[in-house]
Amino acid sequence: MRAAAVIVSVSRRTDIPALYTDWFFRRLAAGEAMVPNPMNPAQVRRVSLRPDDVDGFVFWSKHPAPMLNRLEALGDIPYCFQYSLNPYGADIEPGMPPLARRIETLLRLADRIGPDRVTWRYDPILLSDTWTPARHEECFGTMAATLAGAVRSCVFSYIDRYRKNTAAFARLGIRSWDEASMCDMARRLSN
C-alpha cells in the first residue's frame with residue numbers, strides 16, 4: 001500500500017499535450033515513462049503511469065487541442081489542466097495558434113471536463129513599452145468576460161529572468177517588475 005498520493009505533472013518542461021500527445025498515450029499504455037534529469041541527462045528516473053500507482057495527472061499546456069479527443073484513454077485516473085492563455089502574438093510566442101483559436105480550445109476543454117478541472121494561467125505577465133499594465137488590464141478583462149463560467153480559477157505570474165532568457169528579453173524590450181508595480185497589476189486584474 002502506498003503512503004502518499006502520487007500526482008504526475010505532465011509537464012512543466014515541455015508542452016506534452018501540444019507537442020507529444022502520441023508519445024504520452026504510448027507511455028500510458030506501456031505503464032511507465034523514463035524521465036531524464038534536465039541538469040544531468042545521464043540520470044534517468046522511471047515514473048510509473050499505471051492506474052494503481054497514479055492518483056492523478058496535472059497537464060500543463062498552452063495548446064492542448066491535440067489531446068482533446070483522447071481524454072477517455074485516461075480511464076478512471078483523475079486529471080486536470082493548467083492552461084496558459086495570454087494575448088501575446090507570434091513576436092513573443094512563435095508557433096502558437098491565434099488567440100481566438102486558443103480561447104476556443106479552452107472553452108471546448110472546459111465544456112468537456114468541467115470548469116473545476118481547468119485553471120486558466122495568465123502567465124507570464126510581461127512588462128514592456130507594448131505590454132503596459134493598462135494593456136494587460138484591457139486584454140485580461142476581455143478574456144475574462146469570454147471565459148466567464150468556463151473556468152472557476154485564474155492564476156497569474158510575472159516574468160522571471162534567467163540567464164538563458166536575458167538576451168531575448170532585451171531584444172523584445174521586456175523589463176522587470178518591481179514589487180509596487182506587481183501589487184498594482186494584481187489589483188487591476190482582480191478588478
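Table: residues versus (1) exposed (fewer than 14 other Cβ atoms within 10 Å of the Cβ); (2) within 30 Å of residue 176 (Cα to Cα).
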{"position": "43", "(1), (2)": "yes, no"}
{"position": "74", "(1), (2)": "no, no"}
{"position": "87", "(1), (2)": "no, yes"}
{"position": "90", "(1), (2)": "yes, yes"}
{"position": "102", "(1), (2)": "no, yes"}
{"position": "112", "(1), (2)": "yes, no"}
{"position": "139", "(1), (2)": "no, yes"}
{"position": "145", "(1), (2)": "yes, yes"}
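Taking residue 58, is it touching a Cys at 6+ places or on another chain (Cβ under 8 Å), without any contact (Cβ under 8 Å) to a residue 60 or more places away in the chain, assigned to a strand (DSSP E or B) and among the β-branched types (Val, Ile, Thr)? Yes; evaluated as a whole, the condition is true for this residue. Restricting segment 76-85 to residues that are modelled with pLDDT of 95 or more and open to solvent by less than 50 Å² (accessible area, probe 1.4 Å) leaves a set whose member that is farthest from residue 155 (Cα to Cα) is 79.
A Cβ distance below 7 Å, combined with a sequence gap of six or more or placement on separate chains, defines the contacts here; from segment 154-179, residues that are touching a residue at least 40 places away in the same chain (Cβ under 8 Å) reach residues that are open to solvent by 70 Å² or more (accessible area, probe 1.4 Å) in the pairs 173/129; 176/161. Scanning segment 114-137 for residues that are open to solvent by 30 Å² or more (accessible area, probe 1.4 Å) and among the small types (Gly, Ala, Ser) gives a single hit, 134. Among the conditions (1) at pLDDT below 95; (2) surrounded by fewer than 17 Cβ atoms within 10 Å (Cβ to Cβ), residue 159 misses just one, which is (2).
Applying the condition of being in a helix (DSSP H, G or I) and touching a Ser or Thr at 6+ places or on another chain (Cβ under 6 Å) to segment 62-102 and asking which residue is farthest from residue 24 (Cα to Cα) yields 65.
The values are calculated or read from the model by the stated rules, or taken from the named source; none is laboratory data. Just so we're clear, the structure is a prediction, and the values are computed from it rather than from any experiment. In this analysis, Cβ positions are derived from the backbone assuming ideal geometry, glycine residues included, and neighbour counts consider all displayed protein chains. Just so you know, the surface numbers come from the protein's heavy atoms only, side chains and all, with ligands and any DNA or RNA stripped out. Shrake-Rupley method; radii C 1.70, N 1.55, O 1.52, S 1.80 Å.
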